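Participant: Following this message is one structure expressed as structure tokens.
Any read-out appearing in this document is the output of simple, stated calculations on the displayed coordinates, not a laboratory observation. None of the values given here were measured: they were computed from a predicted structure. Cβ sites come from the backbone with ideal geometry, for glycine too, and all protein chains shown count toward neighbours.
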Amino acid sequence: MAIALKIYYYKSRFRRVKDTGIDGRVEMEIPNFKLEAEEYEKILLVLASLHQKLKADSIFLINRTGQEIAHEGNSNRFDVQALSSLAASNLAATFGLASVIGEREFERIYHKGEKTNILMSPIGEFAFLLFLLRDREEHDLDLKSIRHASLILEDVLKKCSRRLRPGRR
């Protein structure tokens, strides 16, 4: 039931829903991604599982251009669009730093605040996870769960990307 409500929220927010005419399926479009309903549900299930395991305040899946794909948890306290855009810029700048010192990228980026900490974890070339953690330190997190979830999400996003660019593998 919660998934149906979140999909409705997604539909009403992005207004880019297209009826495929196949068994009532719909496709949801975000620039550079074309998600089908079951793919979006899978993303939401992965985020919900991570949210529960890590006890994070919020978890966001954001594409590399700074657009939110999905989230789990409380997001009413701030401007999600600004957070997504700034986080993507921060990630891009950090990858620039990595290349200057001869690294491909960093596995995780962590910012410690007074009340809330931010953890960003890249997912392939497509997106990244952003965690808002109140009163939680990076060493308190189950990094194995984050890696596992990242692999699942990367697989889903690769399929979506291939649909837009059929020649790519």
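Participant: For the residue pair K53 and D135, what label-to-label distance in nm results when each label sits 7 Å from Cα along the Cα-to-beta-carbon direction?
Facilitator: Once both label points are built, they end up 2.4 nm from each other.
Participant: How far apart, in nm, are two points set 7 Å out from the Cα along the Cα-to-Cβ line at S89 and at T65?
Facilitator: Here the modelled spin labels are 1.7 nm apart.
Participant: Excluding S85 itself, calculate the net charge of residues whose Cβ lies under 15 Å from the Cβ of S85, where each Lys or Arg counts +1 and each Asp or Glu counts -1.
Facilitator: Residues close to S85 contribute a combined charge of -1.
Participant: Tell me the net charge near E114. Cut-off is 12 Å between Cβ atoms, E114 excluded, with +1 for each Lys or Arg and -1 for each Asp or Glu.
Facilitator: Details: positive: K112, K115, R134; negative: D135.
Local charge sum for E114: +2.
Participant: Could you work out the relative contact order of segment 72-144? I mean the mean sequence separation of Cα pairs under 8 Å and 6+ apart, divided by the number of residues, in percent. Intermediate results must be reported in sequence, preceding the final value.
Facilitator: Numbers: 63 pairs, mean separation 13.0, N = 73.
Normalised by residue count, the contact order of segment 72-144 is 18 percent.
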